[in-house]
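The block underneath contains the structure these notes are about, expressed in structure tokens.
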Amino acid sequence: MNLKTLVSQHQQAFKQKVVQTFAAKYSMSMEQVLKEHEEVIERYVQGKYKGVKQAVSKIAGFKRPVVLNIIRDPCSDDVCMICERDQPHIEELQRLYGDRVGFYDIYDSSPEGALYHIIHRGEGEKLLPLTAIIHKGEVKKYWSGRPVEVEEYQEYLDSLV
């Protein structure tokens with residue numbers, strides 16, 4: 001799964017939903033909406049995905065595998081016990097791999113947190129955290145909603161470093 005392709009597909013689907021919603025609300029055809037408002041809609045969609053695209057560019061810029069970790073914002077009123085149980089595993093990976101692996105954390109409340117939905121793509125129950133191993137722009141493996149043991153991460157990372 002190429003991360004940039006996933007983002008592009010998600011963005012196009014989002015734009016389609018915006019056009020459909022606008023058409024339904026104002027009793028217009030989708031063609032009319034696009035003809036009359038495409039520029040505004042495109043600016044809106046681009047603004048929504050700006051943070052995601054910046055994060056993806058940073059991740060793709062790594063010359064080594066990346067462990068992407070999307071977790072609950074620690075400033076949130078809600079505590080994610082699964083995120084907290086997984087954090088020592090991420091810290092152990094950082095200790096084991098050092099600078100051979102990049103680590104990139106995103107909070108679910110940030111605009112970049114939309115990467116959760118882009119990577120997850122509606123498969124299974126949506127729970128935090130989402131941790132993904134990405135290498136050369138490709139999502140090699142991701143997990144969501146459970147702590148992942150260090151050995152399970154290593155199964156994927158060892159062949160990439």
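The values are calculated or read from the model by the stated rules, or taken from the named source; none is laboratory data. Predicted model, so just to flag it, every value in this text is computed and none were measured. FYI the Cβ positions are ideal-geometry reconstructions off the backbone, even for glycines, and counts take in every protein chain you see.
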Do you know which of the residues in region 67-88 that are more than 22 Å from Ile134 (Cβ to Cβ) and of a type in the set (D, E, K, R) is surrounded by the fewest Cβ atoms within 10 Å (Cβ to Cβ)?
Asp77
The residue from Leu128, Leu115, Leu96, Leu157 that alone is over 18 Å from Leu3 (Cα atoms) and buried (at least 16 other Cβ atoms within 10 Å of the Cβ) is Leu128
Pairs needed: first member in region 29-43, part of a helix (DSSP H, G or I); second member anywhere, of a type in the set (D, E, K, R); C-beta distance under 8 Å; at least 6 residues apart or different chains.
Ile41/Lys15; Glu42/Lys15
Within region 79-103, track down each residue that is of a type in the set (Phe, Trp, Tyr) and touching a residue at least 60 places away in the same chain (Cβ under 8 Å).
Tyr97
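Quickly run through region 104-124 and pick out the residues that are free of Cβ contacts under 8 Å to residues at least 60 places away in the same chain and β-branched (Val, Ile, Thr).
Passing the criteria: only Ile106.
Listed here are the residues, each with its yes/no results for (1) within 18 Å of the chain's Cα centre (by Cα); (2) closer than 30 Å to Phe14 by Cα; (3) at pLDDT 95 or above.
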| site | (1), (2), (3) |
| --- | --- |
| Gln46 | yes, yes, yes |
| Lys50 | yes, yes, yes |
| Pro65 | yes, yes, yes |
| Ser76 | no, yes, no |
| Arg95 | no, no, yes |
| Gly102 | yes, yes, yes |
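So that you can scan it fast, the table gives a plain yes or no per residue for (1) among the charged types (D, E, K, R); (2) in contact with a helix residue (DSSP H, G or I) (Cβ under 6 Å, 6 or more places away or on another chain); (3) at pLDDT 95 or above:
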| site | (1), (2), (3) |
| --- | --- |
| Gly122 | no, no, no |
| Thr131 | no, no, yes |
| His135 | no, no, yes |
| Lys141 | yes, yes, yes |
| Glu149 | yes, no, yes |
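Taking region 1-28 only, how many residues are outside any helix (DSSP H, G or I) and loosely packed, with under 12 Cβ neighbours inside 10 Å?
Of the residues in that region, 2 qualify.
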